[in-house]
Every structure is written in C-alpha cells, then in structure tokens.
Amino acid sequence: MTEFDFTHLLSPRSIAIVGASDNPNKIGGRPIHFMQRFGYRGKLFPVNPARSEVQGIKSYPNLEALPEAPDCVLLAVGGDAALQAIREAAKIGAKSIVVSASGFGETGAAGRAMQDEMVRIAHGAGMRMIGPNSQGLANFSCGAVTSFSTLFLERPPADGPVAIVSQSGALSVVPYALLRDLSIGVRHVHATGNEADLCVAEIANAVIDDDGVKLLLLYLENFNRPDVLARAAGKARERDIPIIALKAGRTQSGAQMASSHTGAMATEDRIVDAFMEKHGILRARDVGALVNSAELFLSGRRPRGRRIVMLSNSGASCVMAADAADDLNLPLAKLHTSTREKLKELLPRQQFQIAIQ
C-alpha cells in the first residue's frame, strides 16, 4: 500500500456515519451529537435508509448516494452489514474506516475470518481501518469525534497538551476523565480495538507529529509494530515529549484475559521492559501512575542526572523512598556543606540530625 495520510482519519474534512441514529444516546447517534456540540467544522453525512434527516442533517440511503467520497467512514453497524458498508466505502473511494462493532477477532475463528476480510477489502482500495471493536477516535482540536463514549458528556472536553492512544476503549476515556478532573486539557483520545489493521504504535506515531501534543499516554495489550513504536519514541525524544505506557497482560492470567478482550497476543514481559527502556518509554504500573505523572511531566522540568534527594516531614517516608531508590539503582545525593548549613538554620536540632543521616 502507498503511505497513508493520517489526517484523513485523525482530522478528517468529511465523515460518513453508517447506521446513523436520530437518538443521541445510541451508538450511531452519539458521535453526530458530539460533533455538532464540540465544533466539528467538516461535512457530516449520516447514512440511514429509513430517514431523510438525522439530527437536523440530510441523511442518505447508502454510501454510494453520497455527494462525495468522505475522508472517514464510521461504521455503527455490525456483521454482514459492516462488510457490505466496507465494500461500498471501497467502491466510492473513502479514505479511512472506523469500525465500532464487536463480535469479530476477539470471538474466535469465524469472527477473525470476517475481520480479515474487512482488512482485505480496505487495503485493496487503499483504505486504512481502526477496529473492529473500537470505541472510536476523538480529536478535540478540530471537533472530529467518531467515539461513542459517554464520558465526553460527563467530563466536557478541553483541548490541551495530552494525547491518549489506547487499545481499550475504557482505558482511553478513564485517563481522559481523570485528567479533566485535574483541569488538564486532552487533545487526542483514540481507541484502536482489535487492531485488525492500524494499531496503537501507528496512531501514536501520527499524533506525535501534532505540535500541540506535549505528553503521550499509551495503553497496550498487543505489542504490535514495535518498529513503528520505536520510530515514534525517537521523534518524541527529539521534541522532548515524554511517552508513558501502561502495558497490560503482564501475567499469564492477564494475557489470557487480553486475548478475550481484544484478541491480543501475549508478549513476554521482560521483552516489553527491555524495549521500553531502550527507547526511553516510561512504563506505568497502573492507571493512577499513568495519570498522576501528567502534571509532573507537563511542568517542563527535567532531571539533569540520576542522583536524588528525599524531602518529607516523615522519617518513615524517607526510609521507604530510599529503599525504592535502591530498587531503581538511583543513588542518593550527598548534600553540599552549604546546603547542610542552611538546613541547620531552618530545622530544629533533632530534626536536622535526622535529615542528614
């Protein structure tokens, strides 16, 4: 295939919604509602053979009836209807597809065969695909939202410096909601689902080129396209953009659960650790760590070495911090004489003795 222009997917000028609904609470209706609410300025083409209008926008009976080929086609239909829609999208020259429906590669051999057929059709027409089993994409810099997440209503979006790219739908919007609770703006919220075609690494490599992105958060179950992820990490280092990743499926039980969730294949955890260390990707152990690091990294302050000092009003906290530093092979700094003298002036004698031990 020729090189794909990701603006067709992440900043599309036109979006067709197959299975469009007049009900903003349905999967086929929520993205239309979001885009009208969040300021999308491109063209919307609802596709619903039973309606002439959807949410105040002219509707079309099928993709072939559209006045032009859209940059992106959102499929809010599943099974054979999704396959038929992909065939129509290929015929009219659409550029990209987002498949929300589940019931494909994550369900077994029959579902995987249908998923593979989707990719074959798409690639044959030069299209790229997100999903299936994807909650969708959201770019709040331009209002292009093909996601059906309700959290965008509960935590209204604000464009900001953070991009989230996740294989899981929930693990794209939960960090989003927690960041919004901290009043941190989020520009990109993208969920790749089963990754039958495009994966987290490829979307990450695209969003890292956005000048508005200053921090990239990733959630991965598969470890697809490590070559592309390495390329994204290289670009991130050049632009001083931290990448923090949460890689699930670390254990045998977790890997089995990931397979049933998104059809993910297991990757030995020590290999993941080695890869991330080599390419400067920081690894978070849970969602809390993924989110709580955002304020620190967005501050712009960067360490100039490996030595650290603990500051606390609790001796026990310093003891545990010293243990953690040893675990990470981070040496404790020796305080300069002038620093010790200043501390001696500020702290009571007993606390000073504890502080310099």
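Here are some notes:
- Of the three principal axes defined by the Cα atoms of region 31-109, the extents in descending order read 40, 26, 25 Å.
- Charge-dipole axis of the chain as Lys and Arg at +1 and Asp and Glu at -1 on Cβ define it, positive-most pick from Leu75, Ser314, Gly160: Ser314
- Gain on full stretching of the segment that runs from Leu328 to Leu298 - 0.36 nm per residue minus C-alpha separation: 8.5 nm
- Accessible area per residue (1.4 Å probe, heavy atoms of protein chains only) ranks Asp22, Asp323 as Asp323, Asp22, with the largest value leading.
- Seen against the Cα atoms of the chain and their longest principal axis, helix 226-238 is set at about 60 degrees.
- Shape summary of region 7-57, radius of gyration then Dmax from alpha carbon positions: 10.5, 31 Å.
- For the options Glu53, Glu202, Glu221, a Gaussian network treatment of the chain with springs between C-alpha atoms closer than 10 Å singles out Glu53 as fluctuating the most.
- Extension gain, Ser312 back to Leu335 (0.36 nm per residue minus Cα-Cα distance, nm): 6.7 nm
- Region 175-249, relative contact order in percent, only Cα pairs under 8 angstrom and at least six apart counted: 30 percent
- Debye log10 I(q)/I(0) at q = 0.13, 0.19 Å⁻¹ for region 274-349, Cα point scatterers: -0.59, -1.14
- Flagged links, alpha-carbon separation over 26 Å, of Lys26/Lys58; Lys58/Lys91; Lys214/Lys278; Lys58/Lys95; Lys43/Lys247: Lys43/Lys247
- The chain - mean residue ellipticity at 222 nm from DSSP helices (-39,500 (n - 2.57) per run, n ≥ 4, rounded to 500): -12000 deg cm²/dmol
- Hydrodynamic radius of the chain by the Kirkwood approach over all distinct alpha-carbon pairs: 22.0 Å.
- Ligands, DNA and RNA left out, the 1.4 Å accessible surface of the chain is 50% carbon and sulfur atoms.
- Rolling a 1.4 Å probe over the protein heavy atoms leaves Arg225 with an accessible area of roughly 100 Å².
- Lysines whose Cα lies under 26 Å from that of Lys344, excluding same-chain neighbours fewer than 8 positions away: Lys334
- The residues of the chain expose on average 49 square angstrom of accessible surface per residue, using a 1.4 Å probe on protein heavy atoms.
- With R₀ fixed at 22 Å, the C-beta to C-beta distance from Asp286 to Ala170 puts the FRET efficiency at about 0.95.
- Max mean-square fluctuation residue, GNM over the chain, Cα-Cα springs under 10 Å, options Ala284, Ala333, Ala81: Ala333
- Nearest 10 degrees, 0 to 90: helix 170-181 Cα axis against the chain principal axis: 60 degrees
- Using distinct alpha-carbon pairs, which all enter the 1/r mean, Kirkwood radius of region 26-179 in Å: 16.2 Å
- Contact order, relative form, for the chain: 11 percent (alpha carbon pairs under 8 Å, 6 or more residues apart, mean separation divided by residue count).
- For the chain, built as a Gaussian network whose Cα springs stay under 10 Å, the top-fluctuating residue of Thr337, Thr107, Thr192: Thr337
- Around the amide H of Ser14, modelled in the peptide plane, lie the amide H atoms of Lys43, Asp71, Cys72, all under 5 Å away and 5 or more residues distant in sequence or on another chain.
- The value of relative contact order for region 22-135, using C-alpha pairs under 8 Å at least six residues apart, is 19 percent.
- Cα gyration tensor shape of region 88-142, rounded if a/c is under 1.5, else prolate or oblate by comparing a/b with b/c: oblate
The values are calculated or read from the model by the stated rules, or taken from the named source; none is laboratory data. Worth saying up front: this structure is predicted, and the values here are computed from it rather than measured. Note that each Cβ is placed from the backbone with ideal geometry, even for glycine, and that neighbours are counted across all protein chains shown. Side chains included, ligands, DNA and RNA excluded: accessible areas come from the protein's heavy atoms. Shrake-Rupley method; radii C 1.70, N 1.55, O 1.52, S 1.80 Å.
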